[in-house]
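The values are calculated or read from the model by the stated rules, or taken from the named source; none is laboratory data. Just so it is clear, the model here is predicted, and its values are computed rather than measured. Neighbour counts run over all protein chains shown; Cβ positions are idealised from the backbone, glycine included. Remember, those area values only see protein heavy atoms, side chains included, never the ligands or the DNA or RNA. Shrake-Rupley method; radii C 1.70, N 1.55, O 1.52, S 1.80 Å.
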2 protein chains.
Amino acid sequence: MTTINIKDRLLSKNDQFALANREIFDRHGIWCCNLISAPGSGKTTLIERTVDHFADRLNIGALVGDLDTENDSRRIAAHGVPVYQIITGGACHLNARTIGEFIPRFNLDQLEVLIIENVGNLVCPTSYYLGEHHRVSLISTPEGDDKPVKYPGAMHTSDAVLFTKTDLVPYVDFNLKAASENALKIESSLAVMALSAKTGEGMETWFDWFESHAKKHSSPDKSQHRQ
Amino acid sequence: MTTINIKDRLLSKNDQFALANREIFDRHGIWCCNLISAPGSGKTTLIERTVDHFADRLNIGALVGDLDTENDSRRIAAHGVPVYQIITGGACHLNARTIGEFIPRFNLDQLEVLIIENVGNLVCPTSYYLGEHHRVSLISTPEGDDKPVKYPGAMHTSDAVLFTKTDLVPYVDFNLKAASENALKIESSLAVMALSAKTGEGMETWFDWFESHAKKHSSPDKSQHRQ
């Protein structure tokens, strides 16, 4: 009983910080999207392709969580967008309080989209709301088409699931139809996409989804500040 | 401070159960090996190949952790070994107390090796000692050669790291030399192996490692009980 109570209180404290983050995003007209996946599912590569695609159309920034190393933020920064690395030092997820500490580092009058790349972990990050408008889970094809049913929390709390690395389908045991059905069986409201950031297959569908949500939530006046 | 104290107390409680498990393993001459990896790195397939290989030489049993589904235990049971599925319901790791509850289900007078397949998560399971003699981390080649430095806890607490799915190396961005160096940079005592359970490449090295540890820890009298 004690453990459950402590967990409830921690989550509720996190939610308070998350709601404060959300209030800042909404006040400044910033769309926030939280990416969740296992290690190596392609979150960083997806962000690299996405910021390149929208380079002259959206002011995007990124917060990147990892247990250790600044590898990912360096990769993203090379594409000319503001990015900060959050090294959790062992913690298995990002929390809303830490996100809140990093938000003021961005130029909020210019920023239209904040992408959060969570710690590579398909379990714990699903329990921590960060104030994002949308949550996207990535499952790469080498992980297997059974993963949506094995990680139901990620499906339940996400708005979209991306099956990534479709270029590897010929070499791995992955059935896209089964994967999609497994995802929708857990959460029927999910937007399901399949893509390869390497070959470009399916990326237009992702870009359309991304842009439609960004446009809906980000402030239209910001286009005058485009970098 | 409070959070740290609670965590210490929880870990210490877990360690008490882990030491009790270890005492049972040692008393009954059972070698216990705990497999840790991200989702879809190939733990279940490795277990399937391993129990097949040792079918007439070692009495192997398995405990399999997942957030949900009995898929993995069904796959392993089809190879004719005793196996139990532990559904954690959302918990991101197996704990020693739960393992202790499942140990009596095995015939301990016959069992020589217990393989634990942990929840697919390269972070949280590393903090929970289950009483195992050896811990093995798996990183699949599609995850990337940088993963050892991004998940140092898994490297620090493991005795061996297996780079799996080497059959995919031609199609992904993975340098085995860099991956090995990254792993050894974090933990120089690691046994480093690379293998493909699909093609069989590197499996003999794994089988040798596995058998040498099994023989060292399991009771020699048990061969008379071979099933």
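Computed quantities for the displayed model
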read-out: Net charge contributed by nearby residues that have their C-beta within less than 12 Å of B:F25 (K/R +1, D/E -1); value: -2
read-out: Average beta-carbon neighbours from other chains, 10 Å sphere, peptide B:141-153; value: 6
read-out: Calculated label separations, A:S212, copies of the chain, 7 Å along the beta-carbon direction, nm; value: 5.8
read-out: Inter-copy spacing of B:K177 label points, which lie 7 Å from Cα along Cα→Cβ, given in nm from shortest upward; value: 4.5
read-out: Highest-first arrangement of B:78-87, B:148-157, A:12-21, B:163-172, where packing means the average Cβ count within 10 Å; value: B:148-157, B:163-172, B:78-87, A:12-21
read-out: Proximal aspartates and glutamates to B:K13, defined as alpha-carbon separation beneath 17 angstrom and excluding residues fewer than eight positions away on the same chain; value: B:E23, B:E101, B:E132
read-out: Descending Cα extents along the principal axes, the stretch A:87-215, whole Å; value: 44, 31, 27
read-out: Proximal charge balance of A:G131 [Cβ under 14 Å; K/R count +1, D/E count -1]; value: 0
read-out: For the protein assembly as shown: Kirkwood Rh in Å [reciprocal of mean 1/r, alpha carbons]; value: 22.8
read-out: Average other protein chain Cβ within 10 Å of Cβ, residues B:91-103; value: 1
read-out: Cα-based equivalent ellipsoid of the stretch B:73-160: semi-axis lengths in Å, sorted from largest, via gyration tensor; value: 25, 15, 13
read-out: Options A:I86, A:Q110, A:L19, ranked by Cα towards positive dipole end of chain A, top entry (Cβ charges); value: A:L19
read-out: Accessible area expressed per residue, chain B, with surrounding protein chains retained (probe 1.4 Å, Å²); value: 41
read-out: Charge dipole magnitude, Cβ of K and R +1, D and E -1 - the protein assembly as shown, Cα centre, debye nearest 20; value: 760
read-out: Calculated over chain A: convex hull of Cα atoms, volume per residue (Å³); value: 121
read-out: Peptide ranges A:181-193, B:126-138, B:50-62 listed from the most packed, as the mean C-beta count within 10 angstrom indicates; value: B:126-138, B:50-62, A:181-193
read-out: Buried solvent-accessible surface, both chains (B, A), 1.4 Å probe, Å² to nearest 100; value: 2500
read-out: Residue mean of other protein chain beta carbons inside 10 Å, B:119-129; value: 5
read-out: Förster-model FRET efficiency, 56 Å R0, B:A78 and A:E101, C-beta, rounded to 0.05; value: 0.65
read-out: Inter-copy separations for A:G90, label at 7 Å along Cα-Cβ, nm, ascending; value: 2.6
read-out: The stretch B:12-54-the stretch B:135-213 distance, computed between alpha-carbon centres (Å); value: 18
read-out: The stretch A:34-90: equivalent-ellipsoid semi-axes (sqrt of 5 x gyration tensor eigenvalues, Cα, Å); value: 20, 12, 9
read-out: Pairs beyond 21 Å (Cα-Cα), from A:K198/B:K198; B:K150/B:K177; A:K43/B:K150; value: A:K198/B:K198
read-out: Neighbourhood net charge (10 Å Cβ-Cβ; Lys/Arg +1, Asp/Glu -1) for B:D159; value: -1
read-out: Size of charge dipole - chain A - debye, nearest 20, with Cβ of Lys, Arg +1 and Asp, Glu -1, no other charges; value: 380
